[in-house]
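Values in this text are rule-based calculations from the coordinates and carry no lab data. The structure displayed is predicted, hence computed values, not measured ones. Cβ atoms come from the backbone with ideal geometry, glycine included; neighbour counts cover every protein chain shown.
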Amino acid sequence: MAWLPAVLFPLAALVSGWRNAAIFDAPTLVRSAPWPASLVALTGVVLVAAWRSARARENLPALALFLLFSTGYFLLASLLNKQELNTNNIYFAADSASWYWRMAAPFGWDIGTRAVHPLAHVIFRPLTAVFSLLTKGNRFYANLLLLGVAGGGCVWLAYQIMRLFAPQTVYAVLFASLLGLSTAHLIFASVIESYIFSAFCLLLFVWLLTRKAAWPWLAITGMVTLGITVTNFVQQSLADMLIGRSLRRTAALTTLVLAAAAAANMLSQAYYPTTGYFFVPQNLATEKKYTQTIDARRIGLMTENLFIYDIVAPRPYFHTREQAKPRFNFLPGTIAEYAWFGWPALGIWLAACALAFVRFGSNLNSDTPAGRLSLALLACLGFNFVMHLNYGAEPFLYSADWTYALVLFVAINLSGMAKRRWFFPLLLALVVMLFINQMWFMYLLTGVIRPFLAGN
């Protein structure tokens, strides 16, 4: 039963595609590219390895989650993205068309990037080129595959981290599925943008810290994270300092990452002249135009996005602009816009959050790996809350940067509850009701977007 939402997710995405056949691009890729046969062969190899190796068997659930969610995300991505259309600002202010141009379009090397994304071209364009080997050179489909794989990778990493703190496979499967079905990951692993890649790097850094990985791996991950979005490296520095408890080590790691990223930024600028230098203050000063007024309305919206909308999706606000182009947003008070089956998911989730914070507070004085990681995750949540009180018109746009921390925090602090017989049915109910609500949410989105995507 714990596997039910994960197994049904790609099937539900496929049904969504069949219901919107006019805008569903996945069948074209399946017919024209060799990757489905490669996937079948890879699955066979994995099953043989699992039969012969205990370590492979131990990692089989993580791989199954990765394949299920990667497939579901790719199917949804082939519904929501069109390479010939400008889809900027449709999905919660996401610049999806601009990011497709930067990552994959033939002319994308000449598309400018702001200084807060200093290594975007040099990270994403080679990755897309590699994935295009599976799509017969079609870089748009390669971009969609890359998006889905990053989303599936987040679920894989979440499972691996949770297994370190909860011995039950079922527990890790349910919470990893919860992350995969969260609104933030559902949208940003299906809509072309940079945020799911940031989430993957943030999770990877946490996983490396929990595994006590060597510092070169932490430095490389930090440099890639900074290269995608500069501010996200702050979260990794906070996590390293609060988990490792060594200010000297964190300062050395931060200095190394900044120096390496600056050198890579200069090399990238030489090859992609439109790249901005992140270490030039004037370049970062242009971000001031995205600042917002801090008032009670903004605080309420940020709180709703931090704890609610990023996990359980309400009915979004949308309106139609010129050329029948819709635009989706979560506005203050959108919390009132839930279907009847969304309220149970929301109620159980908020109860789980409250219980997790209570248990964290009761164990605050205990110096354990779980306690240190929880404190680091809470610091990352606090950093995002403070930063986005003042920055970004649509807070949900940045939700993938903190959803990982919220889900891991709740999962780690509730792991002790797994011994109670009533807990697993309640957790299963949460994930099942979340799945139903999220598929309804995607049904609404595809219904609204279909006339625009099919009519152009």
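Shape call for segment 364-441 from the C-alpha gyration tensor, a ≥ b ≥ c root eigenvalues: rounded (a/c under 1.5), prolate (a/b greater than b/c) or oblate?
oblate
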Problem set entry | Sites Ile294 and Val358 - FRET efficiency at Förster radius 35 Å, r taken between beta-carbons, to 0.05 | 0.75
Exercise. Do the sum for the chain: with -39,500 (n - 2.57) for every DSSP H run of n ≥ 4, divided by all residues, what is the mean residue ellipticity at 222 nm, to the nearest 500 deg cm²/dmol?
Worked result: -22000 deg cm²/dmol
Problem set entry | Dimensionless Rg over Rh [segment 301-384; C-alpha; Kirkwood] | 1.13
Exercise. Taking the Cα centre of the chain as the origin, how large is its charge dipole in debye, to the nearest 20, when only Lys and Arg (+1) and Asp and Glu (-1) carry charge on their Cβ atoms?
Worked result: 760 debye
For this session: Could you tell me whether segment 250-309 comes out rounded, prolate or oblate from its Cα gyration tensor? Rule is a ≥ b ≥ c as square roots of the eigenvalues, rounded for a/c under 1.5, then prolate if a/b exceeds b/c, otherwise oblate.
Result: prolate
For this session: Using only the Cα atoms of the chain, build the gyration tensor, take square roots of its eigenvalues as a ≥ b ≥ c, and label the shape rounded, prolate or oblate: rounded if a/c is under 1.5, else prolate if a/b is larger than b/c, else oblate.
Result: rounded
Exercise. If you count, for each residue, the other Cβ atoms within 10 Å and average over each peptide, how do 421-430, 328-337, 90-99 line up from highest to lowest?
Worked result: 90-99, 328-337, 421-430
